[in-house]
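To start, the structure under review is shown below, and the notes come after it.
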Amino acid sequence: MVPKDFLSHYGRQFGTLIGLLVLMLVLWILTPHFFTVPNLLNVAQQTSINAIIAVGMTFVIITAGIDLSVGSIVAFSGVVLASVLQAGLPVPLAIAVGLGVGLLSGLVNGLLITYGRLPPFISTLGMMSVARGAALLYSQGRPISGFSESFRLLATGETFHIPNPVIIMVLVYAAAHFVLTRTKLGRYTYAIGGNEEAASLSGVNVRLYKAMVYGLSGLLSGLGAIILTARLNSAQPIAGVMYELDAIAATVIGGTSLMGGEGRIVGTLIGAFIMGVLRNGLNLLGVSSFVQQTVIGSVIIMAVLIDMALKKQRT
Amino acid sequence: MVPKDFLSHYGRQFGTLIGLLVLMLVLWILTPHFFTVPNLLNVAQQTSINAIIAVGMTFVIITAGIDLSVGSIVAFSGVVLASVLQAGLPVPLAIAVGLGVGLLSGLVNGLLITYGRLPPFISTLGMMSVARGAALLYSQGRPISGFSESFRLLATGETFHIPNPVIIMVLVYAAAHFVLTRTKLGRYTYAIGGNEEAASLSGVNVRLYKAMVYGLSGLLSGLGAIILTARLNSAQPIAGVMYELDAIAATVIGGTSLMGGEGRIVGTLIGAFIMGVLRNGLNLLGVSSFVQQTVIGSVIIMAVLIDMALKKQRT
Amino acid sequence: QRGNNQAAAGPTIALVMKTLNNPFFIDMQLGAEAAAKALQVNLVVQAAEREVDVEKQMQIIENLIQRKVQAICITPSGSREIVPAIVKANRAGIPVLILDTRVDEVALAEAGGQVATFIGSDNFEGGRIAGEYIVNRLGGLGKVAILEGIPGHETGDARLGGFRQAIENSPGIEIIASQTANWERDQGYNVFQNILQSHPEVQALFACNDMMALGAIEAIAAAGKTGEIIVVGFDAVADGREAIGRGTMDGSIVQHPFEMGKLAVEQAYQLINGQSSPAYIPVNIELITKENLN
Amino acid sequence: MNNVPMLEMQHIRKTFPGVVALDDVNLTLRKGEVHILLGENGAGKSTLVKILSGAYQKTEGKIILNGQEVEIRGPRHAQELGIGIIYQEFNLVFQLSAAENIFLGRERTNKLGLIDRKQIFESSQKILDNLGVKIDAFSLVKDLGVAQQQMVEVAKALSLDAKLLIMDEPTSALTDLEIKELFATIRRLKKRGVTIIYISHRLEELFEIGDRVSVLRDGKQVGTYPIADMTQTDLIRLMVDRDLKTQFPKQYAKRGEELLRVEGLSRKGVLDNINLQLHRGEVLGIAGLLGSGRTELARALFGVDKIDAGKIFIRGKRQKITSPRDAIMLGLGFLTEDRKSQGLIMTLSVKENVCLPSVERFSRWGIMDLKAEDQAAHQSVQELRIKTPGLSQKVVYLSGGNQQKVVMSKWLCRQADILIFDEPTRGIDVGAKVEIYKLMNRLTAEGTGIIMISSELPEILGMSDRIAVMHQGQLTAEFPAQGATQEKIMGYALGVSNGA
Ligand SMILES: Nc1ncnc2c1ncn2[C@@H]1O[C@H](COP(=O)(O)OP(=O)(O)OP(=O)(O)O)[C@@H](O)[C@H]1O
Ligand SMILES: Nc1ncnc2c1ncn2[C@@H]1O[C@H](COP(=O)(O)OP(=O)(O)OP(=O)(O)O)[C@@H](O)[C@H]1O
Ligand SMILES: [Mg+2]
Ligand SMILES: [Mg+2]
């Protein structure tokens, strides 16, 4: 029984994983700068923010929803966090504030979707504008910069030679994997996405769990904001533009179905790395910016095409 | 039977229509500049491009799909159109080229989605990058400007005192309404979105009609590009950024369900006007740029909330 | 076999711009390419997809450090946000040259970062020049409108700040509308068309870039008011110059991006060869109008 | 059995927009009885039990549970009150495993909040095994056949340990074998004092397990009677308010030319060397056990699934059918076994569903003649007596039986003359069944050939001209219906007898 369970859990990621490996192999051949420890750590670090936000997105998409507001929430959490840091709040408290702003914004999405019965696309599209506006108003349009070394260590520091953002990312993925596979929240996330009515008729408190999922997405956007702010030593009200597309791309490349009910968190990590490695490689190769867009678009399409073809063969 | 049938066809738009009327009433009270014939024509003209693109989006969304590439297709069609105009191609031929580029890009989406079995979100997300890159490469990043008066009349001219883009928009909506309610393509669009498997088992050539719908969306993006280019007397490779969000917002505010199978084209027009009127009103009122975003987001949410509440009451 | 795509001869210099989706930066790239060709150096040009995305710009710089380029020229998307990336380049021993947008001195000093030189002009100053021109044209009395860039974007804010300062010094001038058109031509059209409805009395327009100004002049034309409203843009892109030539636009602030790109590569080449650079290489910023348009 | 009422529903009224689904209905359940709810399609049976399960809120009336008035607030509350239900329409999460579905919403967790996966899978497997079905608790529901899905629903309801268990047409997708197991389970539960509400349109089985029967007609109550005092004829009269002379009004039509011939049809793993023929004017009944491949055969014929080998001749000419469209063009029609996911488009109206396969007939140059379409739809609705407030009513709001009639009318409207009916009377009331049988008579008289897949042996025996039996993907026997018996069919279906 174990192997069957194992395969059904991990087998679906094969396609994308192979895609990632092929991509890495190609880059290894094309440039000597790619396959070095510092560069790989570099890629991991650059991928971390998108990868973390994509975790929340994965939960949301498994419930057959979508969250377009993540980028704006990053900006809003960021400026609030920055302002309280500058006001002298101790770092742990300030972090809590940053996470809290993200969580609350996400919960507002959740409430609009559950009690307001808005389609997630609309609710989070609205929130995308509202949170962006809030960030601009709050900061009067100006970046808020300059923080203590202890705060900045969150992004610039290393633990066992591994950049802290990478460690945070790994922890988030471990926790998310655990939650999705072993807890009620995870189970209901799948159930709601698979058949909301059936879940509701089975006694699942659909509203509560949906709201939690959007709250989680907001919370992780808040976490992304913390790392971003520490990394740039500045919080900008215009940060995070189009982050939602990157997060959605990572999730879907990773095999999560936009129809809901299906998806694995490991896949999302692979998806985020495909995007990160690709950007890194294009920079290393010095490919022109115009061509980069075309290449990124094509690779996204290709990655999912390969995955689909492999899936078809397996069934 | 007739009144009931009528209600079920048009009654659903009441909520949004009321939203639009309330919004207009509020603006009428707040500023004397809003409710004047020239300004209303302005609004109609400014709305026309988004409204036209939103028609294609409505078809796509009724099939339970999505098209993120419309903005990039606008840019790509625009620069190709502009280059052939400057190369001296007669206006009607150049227009055909512009429409053709849009149609082809849309059909590529359609093929990827049907034969490639890609989720529409991914296929069109990829196309969004690819078409943008193509536009930049084709134009080397520079705008292409300066066209003959006869071409520009498409956007700057008037017919019976009504700006040509508004007339084009009305014609497109009339045609789309006809197609959706009276033709095979329309019927199949709803059927595919409602239950693809059942449609296929009923003999619908799902692939063909899906591809057609994405082709239509591309074609209308091409039309949008023509008007935009004529209006600005310039085609830019970076035109159309975020047009997809406006078109989706118009569609969904207009009552089309992202789950597919449902939606009316009149609703989309109302949705597009809600966005257009709102932007116009905020400019007229001189609202600060920071606040504008928040207001736009809130109004989108509010409009759909009211619609949902009214719908609930009716059932 | 792992290839190496660098030409054997000459050092490699990187130019990292805010974006390439803007003719201003394309001109800068052309200048850099011209210098690179002359000096026989390898030039790598990279830019973020979106002008506001500092984090992507930082990623590009990190990646170029991995690639071990010998010098990096940057047009910062954020004057303070770029500092950590500069510090990283410093640590890797790669000289950093700044173009177009100044790095925040305080932040740089606090972080212990260093830049070899700043080549550029001052957006604030450009805004001020535009303001003074409009004040003069209006004779110190009149109503002005502004088209802003993306809210919260530094470049736009600096231009806006300079312009407002010039206006504040002349009490007879009133700013009757200041709205964003997000740097974009089509929004410039729509927004200014709307402003014309609520403020038909507007006499002058300052747009924080040419794109918005070019959109606005079409809206002015559509309203049949061409020539009645003074329009000043920023960047003097090709379309802007042409409009000035035709008289549909009155002026634009020019920053000579080609010059900047060229200077940057030349200076970087000197640095690599052990020579030093002056801390500030000013590039002329000036107003062009029909008179001095050559 | 004691006579204490464990549940009373008094003066229940339920309205939907434009529809009064229930009007002053009273129902008294005694502890430990199996109470049958009977009524035509759309009579309000499902609505009544959904009020008990918390899926719907009643408009008026009282519910008294064990002597106390209760307001059932929602599904969860109903579960807490000890009410379990098997819904008529599947309510499973297809992407989850059988076990995960069975315990959905009631996962046991340990101190850390972790789901006890082992317990869930083991308990589920035990329940499934006790039901006598071979379903791996790990398998995903979407990979199961319809009947297996139905059994998962049953297992889910059983896992609740409910005091009141509601079964809304639990046997509509089952074959006799599973039904037997289910009845054994019901008897066990009854012994334990569980009260059961049982809804079914299969009259013969009611006498086997029912104690009392309540009949609904058009949302109103006709009465409650001890089942022992009733005959099938009585029940039918109460339900449909008229006499039905026979349940299977088979009329033999003239057997005409050959319409369809299949030679050596195979599909790896599911179909093995199938040979069959269908002539004008005849009904070929296909019997078999759950999973024997009947549906697969239909799908292969209709071009849904690829075939690996074999020839198909239509009206004597060899044809390649690679898509449902091909099949439809050749005059085939396919009534699928799962109307919700394959038969109907829930977001569309009755008219649009009825006319979907015939859209081409109503259109020229892609433009549709809406009047002609309306007329055709109207005619179909009348012919099949589809109960709907109007042609533009969305099918999602129709009762299950009426939905089935809509699916059927799709092919009548299309005038297909080779019809494949997969479980055509699933969930259809006796009155409507007779109408459908009469319709089949009319169709065969007009020269249509019908392949009827059914798990109801009386129906197979009563309505077929010839009977074919499938066993593990093979056609194991074929014989005339006259003179055949249930035992004979079961023998072949189980693979015990060997007719070859
Ligand atoms: N959600 C709903 N909205 C509108 N009308 C409904 C809804 N649910 C049921 N109805 C209507 O209520 C009536 C009773 O339907 P119900 O499903 O209870 O019938 P039923 O007796 O279970 O029939 P069947 O034997 O076909 O399952 C029907 O006329 C049906 O169309
Ligand atoms: N979509 C599917 N994917 C995987 N297996 C399937 C699928 N559909 C059917 N099967 C399997 O194929 C076999 C044949 O099923 P089929 O549905 O043809 O049987 P049947 O005789 O029609 O029985 P019934 O309809 O009563 O379930 C079964 O083992 C079933 O589980
Ligand atoms: Mg029912
Ligand atoms: Mg079957």
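The values are calculated or read from the model by the stated rules, or taken from the named source; none is laboratory data. Because the structure is predicted, anything quoted here is derived from the model rather than measured. Reconstructed Cβ throughout: ideal geometry from the backbone, glycine too, with neighbour counts over all protein chains shown.
Residues in the range D:399-431 that are of a type in the set (A, V, I, L, M) and farther than 28 Å from residue D:303 by Cβ: D:430 alone.
I'd like to check something: does the range A:140-155 contain any residue that is closer than 30 Å to residue A:42 by Cβ and without any contact (Cβ under 8 Å) to a residue 12 or more places away in the chain? Taking every residue of the range A:140-155 in turn, at least one turns out to be closer than 30 Å to residue A:42 by Cβ and without any contact (Cβ under 8 Å) to a residue 12 or more places away in the chain. Looking at the range D:241-272, which of its residues are in contact with a Leu (Cβ under 7 Å, 6 or more places away or on another chain) and β-branched (Val, Ile, Thr)? Within the range D:241-272, just D:262 meets the criteria.
Restricting attention to the range D:125-144, report how many residues are in a helix (DSSP H, G or I) and either within 16 Å of ligand 1 (Cβ to nearest atom) or farther than 21 Å from residue A:261 by Cα (or both). Before you say what the answer is, go through the steps one by one.
First, pick out the residues of the range D:125-144 that are in a helix (DSSP H, G or I): D:125-130, D:141-143.
Now drop any that are not either within 16 Å of ligand 1 (Cβ to nearest atom) or farther than 21 Å from residue A:261 by Cα (or both), which leaves D:125-130.
Residues meeting the conditions: 6.
Being under 17 Å from residue C:23 (Cβ atoms), surrounded by fewer than 24 Cβ atoms within 10 Å (Cβ to Cβ) and either among the small types (Gly, Ala, Ser) or over 19 Å from the mean Cα position of the chain (by Cα) (or both) is true for just one of C:227, C:245. Which residue is that? After applying the criteria, what remains is C:245. Where the second residue is within 16 Å of ligand 3 (Cβ to nearest atom) and of a type outside the set (S, T, N, Q) and the first is over 12 Å from residue D:34 (Cα atoms) and lies in the range D:164-190, which pairs have Cβ atoms under 6 Å and are six or more apart or on separate chains? Correct list of pairs: D:168/D:49; D:168/D:87; D:168/D:199; D:169/D:199; D:169/D:427; D:170/D:86; D:172/D:426; D:172/D:427. Of the residues making up the range B:247-269, those that are surrounded by 24 or more Cβ atoms within 10 Å (Cβ to Cβ) and either under 21 Å from residue A:245 (Cα atoms) or aliphatic (A, V, I, L, M) (or both) are B:247, B:248, B:249, B:250, B:251, B:252, B:253, B:265, B:269.
Applying a threshold of 9 Å to beta carbon distances and a minimum spacing of six or more residues, or different chains, the list of pairs starting in the range C:184-198 at a residue that is within 7 Å of another protein chain (Cβ to nearest Cβ) and ending at one that is surrounded by fewer than 24 Cβ atoms within 10 Å (Cβ to Cβ) and charged (D, E, K, R) reads C:190/B:279; C:191/B:279; C:194/B:279.
For the range D:145-170, the candidate set comprises residues that are buried (at least 22 other Cβ atoms within 10 Å of the Cβ) and part of a loop (DSSP other than H, G, I, E, B); within that set, the residue that is farthest from ligand 1 (Cβ to nearest atom) is D:170.
Right, residue B:117: surrounded by fewer than 24 Cβ atoms within 10 Å (Cβ to Cβ), within 22 Å of the chain's Cα centre (by Cα) and either assigned to a helix (DSSP H, G or I) or at the interface with chain A (Cβ under 10 Å from one of its Cβ atoms) (or both) or not? Considered against the rule, which asks whether it is surrounded by fewer than 24 Cβ atoms within 10 Å (Cβ to Cβ), within 22 Å of the chain's Cα centre (by Cα) and either assigned to a helix (DSSP H, G or I) or at the interface with chain A (Cβ under 10 Å from one of its Cβ atoms) (or both), residue B:117 comes out as no.
Quick one: is residue D:47 more than 16 Å from ligand 4 (Cβ to nearest atom), surrounded by fewer than 20 Cβ atoms within 10 Å (Cβ to Cβ) and of a type outside the set (Lys, Arg)? Considered against the rule, which asks whether it is more than 16 Å from ligand 4 (Cβ to nearest atom), surrounded by fewer than 20 Cβ atoms within 10 Å (Cβ to Cβ) and of a type outside the set (Lys, Arg), residue D:47 comes out as no.
The numbered conditions (1) more than 11 Å from chain B (Cβ to nearest Cβ); (2) away from ligand 4 (no atom under 16 Å from the Cβ); (3) polar (S, T, N, Q) are all true for residue D:323 except (1).
Hey, among D:446, D:435, which residue is away from ligand 3 (no atom under 16 Å from the Cβ) and modelled with pLDDT under 85? Answer to the selection: D:435. Answer yes or no: is there a residue in the range D:380-389 that is away from chain B (no Cβ under 11 Å), within 16 Å of ligand 3 (Cβ to nearest atom) and crowded, with 21+ Cβ neighbours inside 10 Å. The answer is yes; a qualifying residue exists.
If you check D:322, D:295 for being among the β-branched types (Val, Ile, Thr), out of contact with any helix residue (DSSP H, G or I) (no Cβ under 9 Å at 6 or more places or on another chain) and more than 16 Å from ligand 1 (Cβ to nearest atom), only one passes: D:322. Residue C:106 meets all of the listed conditions (1) among the β-branched types (Val, Ile, Thr); (2) more than 24 Å from the chain's Cα centre (by Cα); (3) more than 21 Å from residue A:288 (Cβ to Cβ) but one, namely (2).
When the residues of the range D:192-210 are filtered to those that are in contact (Cβ under 8 Å) with a residue 40 or more places away in the chain and either touching a Cys at 6+ places or on another chain (Cβ under 7 Å) or farther than 14 Å from residue D:167 by Cβ (or both), the one that is surrounded by the most Cβ atoms within 10 Å (Cβ to Cβ) is D:203. Candidates are the residues of the range D:451-488 that are buried (at least 20 other Cβ atoms within 10 Å of the Cβ) and acidic (Asp, Glu); the one that is farthest from ligand 4 (Cβ to nearest atom) is D:465.
Residues in the range C:49-80 that are of a type in the set (S, T, N, Q) and facing chain A (nearest Cβ under 7 Å): how many? I'd like the intermediate steps shown before the answer.
Within the range C:49-80, the first condition is being of a type in the set (S, T, N, Q), and the residues that meet it are C:57, C:59, C:63, C:66, C:70, C:75, C:77, C:79.
Now narrow it down to the ones that are facing chain A (nearest Cβ under 7 Å): C:59, C:63, C:66.
Summing the residues that are of a type in the set (S, T, N, Q) and facing chain A (nearest Cβ under 7 Å) in the range C:49-80 gives 3.
Regarding residue D:427, is this residue under 18 Å from the mean Cα position of the chain (by Cα), away from chain B (no Cβ under 12 Å), within 16 Å of ligand 2 (Cβ to nearest atom) and more than 18 Å from residue D:356 (Cβ to Cβ)? For residue D:427, the condition - under 18 Å from the mean Cα position of the chain (by Cα), away from chain B (no Cβ under 12 Å), within 16 Å of ligand 2 (Cβ to nearest atom) and more than 18 Å from residue D:356 (Cβ to Cβ) - is met. When D:100, D:33, D:69 are checked against the criterion of being over 17 Å from residue D:157 (Cβ atoms) and crowded, with 16+ Cβ neighbours inside 10 Å, a single residue qualifies: D:33. Only a single criterion out of (1) within 7 Å of another protein chain (Cβ to nearest Cβ); (2) in contact (Cβ under 8 Å) with a residue 40 or more places away in the chain; (3) not acidic (Asp, Glu) is not satisfied by residue B:229, namely (1). None of D:220, D:180, D:191, D:245 is out of contact with any helix residue (DSSP H, G or I) (no Cβ under 6 Å at 6 or more places or on another chain), of a type in the set (Lys, Arg) and within 16 Å of ligand 2 (Cβ to nearest atom) except D:180. Count of the range C:48-76 residues, restricted to those that are outside any helix (DSSP H, G or I), at pLDDT below 90 and not charged (D, E, K, R), is 2. So is residue A:201 on the phi < 0 side of the Ramachandran plot, facing another protein chain (nearest Cβ under 8 Å) and among the aliphatic types (A, V, I, L, M) or not? It is true that residue A:201 is on the phi < 0 side of the Ramachandran plot, facing another protein chain (nearest Cβ under 8 Å) and among the aliphatic types (A, V, I, L, M).
Of the residues making up the range D:297-319, not a single one is more than 16 Å from ligand 2 (Cβ to nearest atom), closer than 16 Å to residue D:422 by Cα and not in a helix (DSSP H, G or I). In the range C:79-112, the qualifying residues are those that are over 21 Å from residue A:230 (Cβ atoms) and surrounded by fewer than 18 Cβ atoms within 10 Å (Cβ to Cβ), and the one that is modelled with the highest pLDDT is C:93. Across the range D:170-181, which residue is farthest from the chain's Cα centre (by Cα) among those that are modelled with pLDDT of 85 or more and away from ligand 4 (no atom under 16 Å from the Cβ)? Out of the qualifying residues, it is D:180.
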